[in-house]
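Here the structure comes first, spelled out in structure tokens, and everything after it is commentary.
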Amino acid sequence: MTTHLSPSLSQKLDRMRDFYHHRNEPRLSLQAVATMAGRNLSRPVSAELLERVEAGDVQQLPTDVADALCDAMGVDRSYLRPGSGLDIDIDQRLRLWIEIRDRGIEHFQARATSVTRDELEDLIAHIRTIPLTGDQVKATRG
């Protein structure tokens with residue numbers, strides 16, 4: 001059994017940006033993410049704050065900003081809440097859906113309720129063995 005650690009806030013923001021876009025489209029800039037979050041808050045969120053998160057200089061966001069980011073990007077709010085205990089599981093699911101999308105898998109059913117974290121890691125690793133095309137590689141990390 002592997003010990004699974006919570007991703008840093010910087011890693012979470014990066015994962016959310018990777019998750020949000022459609023296949024063969026570039027991920028959003030930090031400015032675009034800040035604008036989306038600001039719309040949810042009805043007040044501006046600075047791209048500079050998100051740049052500081054990305055650089056690892058900010059370890060925790062104000063709850064309202066974190067919730068607005070999650071809402072804007074379609075991610076469970078628990079992902080950015082410190083101490084939720086759900087961030088590891090949410091991160092695994094995000095990584096799974098990113099891999100499925102980027103490999104062009106059009107149909108994937110996920111109904112299991114008792115999959116362990118190790119089993120989910122094995123599934124993610126298996127899906128990663130499906131090759132990406134050149135266009136997909138460029139678009140996913142644009």
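Here are the numbers for this structure:
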| read-out | value |
| --- | --- |
| Per-region count, segment 12-57, residues touching a residue at least 40 places away in the same chain (Cβ under 8 Å) and under 21 Å from residue 83 (Cα atoms) | 8 |
| Subset of segment 1-28 (residues that are over 20 Å from residue 97 (Cα atoms) and polar (S, T, N, Q)) | 2, 3 |
| Odd one out for residue 63, checked against (1) under 13 Å from the mean Cα position of the chain (by Cα); (2) open to solvent by 70 Å² or more (accessible area, probe 1.4 Å); (3) among the polar types (S, T, N, Q) | (1) |
| Any hit, segment 106-127, residues being part of a loop (DSSP other than H, G, I, E, B), open to solvent by less than 60 Å² (accessible area, probe 1.4 Å) and among the β-branched types (Val, Ile, Thr) | no |
| Filter pass, residue 18 being open to solvent by less than 40 Å² (accessible area, probe 1.4 Å), among the acidic types (Asp, Glu) and closer than 22 Å to residue 4 by Cβ | yes |
| Residue list for segment 1-37, filter: among the acidic types (Asp, Glu) and modelled with pLDDT of 95 or more | 14, 18 |
| Those residues of segment 75-87 which are at pLDDT 95 or above and open to solvent by 20 Å² or more (accessible area, probe 1.4 Å), in sequence order | 76, 77, 78 |
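The values are calculated or read from the model by the stated rules, or taken from the named source; none is laboratory data. This one's a predicted model, so the numbers in the text were calculated from it and none came from an experiment. Methodologically, a virtual Cβ is constructed for each residue, glycine included, from the backbone with ideal geometry; neighbour enumeration extends over all protein chains shown. Heads up: the accessible areas ignore ligands, DNA and RNA and are worked out on the full protein's heavy atoms, side chains in. Shrake-Rupley method; radii C 1.70, N 1.55, O 1.52, S 1.80 Å.
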